[in-house]
């Protein structure tokens, strides 16, 4: 049977398929996007100011603290975001999807983060569950609500605790070695003191990194630190600090009350340095030199040996020079990167020349003190061939001069003391010094 031919009115538009509705991507702010805790980020954005506001508010409780932290000034550009989640958001945006954050607290901070990242807005978990008053179709939603990150690895903890910085605490063995009191008893006690200082220093490093979160995240290299990068949770660091300091306390009590007093002075000075002193021009340098010298004092107190005045004066000049070299390296690095003056230090890039001059002068003073010591009568009871100690003077001049030159060439990214442990020429120089001292005994 012949079918009738259907006639189309060409004046009418041809029927078209309905366009596919764009989906919406919703991302949990604290469970997925942010590799940190927003409450802790707000607290440590300016801890002194936040706690001062809390104390002046006259209200107690978590609700009052949360209200104050909601007004904290966060640097949304440098928060530790999850790179994988951001990539998924970019891919969704490329497909035409709208993107919303899910946050149940700190709505103003969530809105600020959404605006910074170019997202479309913020919704609460309750609104998302109820489906009412949502700015998107609930049936066309993809959600990233959790990213499993697991616990921090041992490598992350070692990085956060600055285990590599324990090399500085070998200074505790200097009094025992220079006093020629090397035996099992003194070495055992000094080793325990080394562990106590290392635990105490690690707790101080964690505290310092918490206080410097904002500044570290804007630094070319410090932004890779465990806390700044979000590899270690702020709450985990806060829990570790009392454990580390508790171990240091117990170990110190096993040595002596005097050693505990020295360690307490070290910790108090370190806290003062982290809070105030490191932001004071040259006060920070003197404080760093004092902290290094305090390790030598602690070693003498722990082992029960007499501390040489010559050693203390020599050490003070040495560590002042090294602290100045450290500041010089930091400023020259910023100059090379084209960065502005540091915001958390009272130095300017234009100070480089005077800092270099003071570092060189302090180094030469250390060599002068050493030569005066070799010329004194104090060496006779300790060395049978004291004339051999004169060979140490040119080695000291070489090492200090080389350290200054390497820093000037911007080839010393590390702390100068740590650099001495890693640099081949420095290790050979130190080995030669040790051999000369042994031969002079």
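Worth pointing out:
- Among the conditions (1) modelled with pLDDT of 85 or more; (2) outside any helix (DSSP H, G or I), residue 18 misses just one, which is (1).
- For region 80-117, the set of residues classified as within 20 Å of residue 44 (Cα to Cα) and either part of a helix (DSSP H, G or I) or assigned by TED's automatic domain parsing to the domain that holds residue 226 (or both) consists of 107, 108, 109, 110, 111, 112, 113, listed by residue number.
- When 322, 316, 311, 291 are checked against the criterion of being part of a helix (DSSP H, G or I), surrounded by 22 or more Cβ atoms within 10 Å (Cβ to Cβ) and touching a residue at least 12 places away in the same chain (Cβ under 8 Å), 322 stands alone in meeting it.
- Within region 150-172, the set of residues being in contact with a helix residue (DSSP H, G or I) (Cβ under 6 Å, 6 or more places away or on another chain) and either in a loop (DSSP other than H, G, I, E, B) or surrounded by fewer than 18 Cβ atoms within 10 Å (Cβ to Cβ) (or both) comprises 156, 161, 162, 166, 167.
- Considered as a group, the residues in region 137-151 that are within 18 Å of residue 32 (Cβ to Cβ) and touching a residue at least 12 places away in the same chain (Cβ under 8 Å) include one that is farthest from the chain's Cα centre (by Cα), and that residue is 141.
- Pairing each residue of region 399-416 that is part of a helix (DSSP H, G or I) with any residue that is surrounded by fewer than 14 Cβ atoms within 10 Å (Cβ to Cβ), provided the two are 6+ apart or on different chains, yields C-beta distances under 9 Å for 399/425; 402/425; 405/411.
- If you go through region 217-259 and keep only what is in contact with a helix residue (DSSP H, G or I) (Cβ under 9 Å, 6 or more places away or on another chain) and outside any helix (DSSP H, G or I), you end up with 218, 219, 220, 221, 225, 231, 232, 233, 256.
- Residue 328 surrounded by 15 or more Cβ atoms within 10 Å (Cβ to Cβ), at negative phi and in contact (Cβ under 8 Å) with a residue 60 or more places away in the chain: yes
- Filter pass, residue 175 being assigned by TED's automatic domain parsing to the domain that holds residue 337, in contact with a helix residue (DSSP H, G or I) (Cβ under 8 Å, 6 or more places away or on another chain) and in a loop (DSSP other than H, G, I, E, B): no
The values are calculated or read from the model by the stated rules, or taken from the named source; none is laboratory data. Remember, predicted model here, so these are calculated numbers, not experimental data. Because the Cβ atoms are built from the backbone with ideal geometry, glycine has one as well, and the counts that use them run over all protein chains shown.
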